[in-house]
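Structure, as structure tokens:
Quick note: the coordinates plus some simple rules give every number you see, no bench work behind them. Note that the structure is a prediction, hence the values are computed from the model and not measured. Please note: Cβ atoms are built from the backbone with ideal geometry, for glycine as well, and neighbour counts cover all protein chains shown.
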Amino acid sequence: MKRILPALSFALGAALYFVFVRRFFFLCDDAFISFRYAEHFADGIGLVWNAAERVEGYTNFLWVVLMSLVMRAGLSPEYWSNAIGIGCGAALLFLVSRRMFEGEREDEDVARLSPAVIALLFLAPTLAASRSFAAWSTGGLATMPFALLIYLATERFLAERRRGGAFSFGSPLLLAAAALTRPDGILFAALLAGVFLVDVARRRRTILSFALWCAPLVVLVGAHFLWRHSYYGYWLPNTFYAKVNGFYPAQSMQYFRLFHADYLIGWFLPFLLLPSLLVRSARAGIYTLFVLAYGAYLFYIGGDHFEFRFLVFLFPYLYWLFFRGIAVAAQALPAKLATGAAAVLALLLFGTTLYGTVRGETSRENTGVANLGVAKQYAERRISEGKLLRENIERGALPEDAVICVIGAGAVPYYTKWETIDFHGINDERVAHMKLGARGMIAHEKRAPVEYLVRRGVEIFDAVNLLIYPDPGVTARPLPAGSVGRWRSVRLGDDAYLNFLSFLNDEEFADRFGNDHSVKR
């Protein structure tokens, strides 16, 4: 039973996982930011957005390096980024299933199917039933590799803690890898360091063992900080300055409200703290610390533009606490009712998660949070635009050395290879360090001034986040609010026109792009 039950849990979880991965599979436009850096690195240009322009518009150093190795091997990052992400998601489900009973009185509880065992059997299937877990195993981003590294580090930390001894290098090395994959890893490392210090204070472990534990983490992450400062001139990634603009409670409330609206997660919050308060295991305490601390961080910054991507990092801990809390609550009932109550409540949590997935996302209108369907459609359109532009560059219909400003920096810059100004500053030092005006859509609040675009020599301004049209009709419309320049149109084929704002005069435009097909107003 001790092996059969986890195997059954994983089997059901794996089946659901691959069904929903197939359904929600996509490649996020933001993934192409990493691909562009990776391509430049693989080509010997450096970890740069534009040649000879050092700016750190990525937050996933190891992921970019890995994608550059994929490219150097002649493989497709579009394929392998998702293949690796899906593999990491499957590995995480396997580990969750394998370790779900650790910390319980395993033989006794499993043999009699205790409430804890019954509830935790639903853990892997519930993770797999989540649209967010399956979708963000794809996307081409480092979401699931990071989640796996944090989980591995945490489980290794718990094992080292049980074993004792002075030398514990496994968890700090995994934490260092996580921190180099996403800066958020530093927060998780700091939380585990705090747990270690509590053990030192209680004389469970020594200060020497703590120093040895910290050493590889400090050396590796510290070396990366020093390299970043020497290479880019800043201690933090450019994305931090562009995206993180202080406390944003209104957006945070939207973000967490949508999470409840989709998965009815608020129903189960009463169970969240029961394991740490009543079971008092190290696992329950650390998992609770993760959920509360990282949840507070997300609340402070306003969540994320993409639905629940950052919450996925917490799913293994959040749902374990829910199921273990359900078991704790059920055990307060008479023995004859406890197991049945645990099964019913666990099934309800699984059911609400599955229902949230198959029902689809609730409305995201005016929330600043993009749902998965919108993110997928947008990326597919930008990929199509980028590839069409690349074809026209190669046949000489468009200049090889054009300068473009884009609203959405991803597939278009990656495929065109044009020098690109990022309108929202994620890949632009000048825009990222501008003073913030009014609050707006999270991660898209800063905007490049027109005079800056002119000074940078922008020829193509993707002012409405759409470049390819079936006709030049859009150029007859008034300029977007707050824009200057004039509409221009380049014919790329029978039903394809490149329509954009430009600051070039007629002579300059003709010299660079030929005839202007825009509709005169």
ask   = How big is the stretch 14-148 by Rg and Dmax over its Cα atoms, in Å?
value = 19.0, 66
ask   = If you place +1 on the Cβ of every Lys and Arg and -1 on the Cβ of every Asp and Glu, how big does the dipole about the Cα centre of the stretch 4-359 come out, in debye to the nearest 20?
value = 800 debye
ask   = Sorted by packing (mean other beta-carbon atoms within 10 Å per residue), highest first, where do 134-140, 384-390 land?
value = 134-140, 384-390
note = With N residues in the stretch 372-513, Rg(alpha-carbon) / (2.2 N^0.38 Å) equals 1.03
Non-local Lys pairs in the chain, i.e. 8 or more apart or on different chains, that have alpha carbons under 17 Å apart = 5
key: Relative contact order (%) - the stretch 372-513, alpha-carbon pairs under 8 angstrom, separation at least six   = 20 percent
key: Label-to-label distance, nm, for residues given as residue 231 and residue 159 (7 Å Cα→Cβ offset)   = 3.1 nm
remark   = Sorting 114, 360, 68 by the position of each Cα along the dipole of the chain (Lys, Arg +1; Asp, Glu -1; all at Cβ), the one nearest the positive end of that ordering is 114
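Which shape class, rounded, prolate or oblate, goes with the stretch 119-258 when its Cα gyration tensor gives a ≥ b ≥ c as root eigenvalues, a/c under 1.5 marks rounded, and past that a/b bigger than b/c marks prolate?
Details: a/c = 1.86, a/b = 1.18, b/c = 1.58.
Oblate, since a/c reaches 1.5 and b/c is not below a/b.
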Against the rule of thumb 2.2 N^0.38 Å, how large the Cα Rg of the stretch 360-406 comes out = 1.65
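About the Cα centre of the stretch 393-452, what is the dipole size in debye to 20, counting +1 per Lys and Arg Cβ and -1 per Asp and Glu Cβ, all else neutral? Can you show the working numbers first?
Numbers: 7 positive and 9 negative charges, 66 e Å.
Charge dipole, the stretch 393-452, about its Cα centre: 320 debye, nearest 20.
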remark   = Debye calc, one equal point scatterer per Cα of the stretch 294-367, no solvent, log10 I(q)/I(0) at q = 0.12, 0.28 1/Å comes to -0.49, -1.22
Descending semi-axes in whole angstrom, ellipsoid equivalent of the stretch 167-222, from the Cα gyration tensor = 20, 12, 8
key: Among 496, 306, 207 - extreme Cα towards positive end, dipole of the chain, charges at beta-carbon   = 207
In range of the label at residue 211: residues from the stretch 151-172 whose backbone nitrogen is under 15 Å from the point 7 Å along Cα→Cβ = 166-168
inquiry  = Per residue of the stretch 256-263, what does 6.51 cos²θ - 1.76 cosθ + 1.60 with θ = phi - 60° give for ³J(HN,Hα)? Whole Hz please, x for Gly and Pro, Karplus curve as stated.
reply    = 6, 4, 5, 4, 5, 4, 7, 10
note = Computed over the stretch 4-359, the relative contact order (Cα-Cα under 8 Å, seq sep at least six) in percent reads 22 percent
request  = Express in nm, to one decimal, how much length is gained between residue 98 and residue 187 on full extension, taking 0.36 nm for each residue of separation and deducting their alpha carbon distance.
outcome  = 29.4 nm
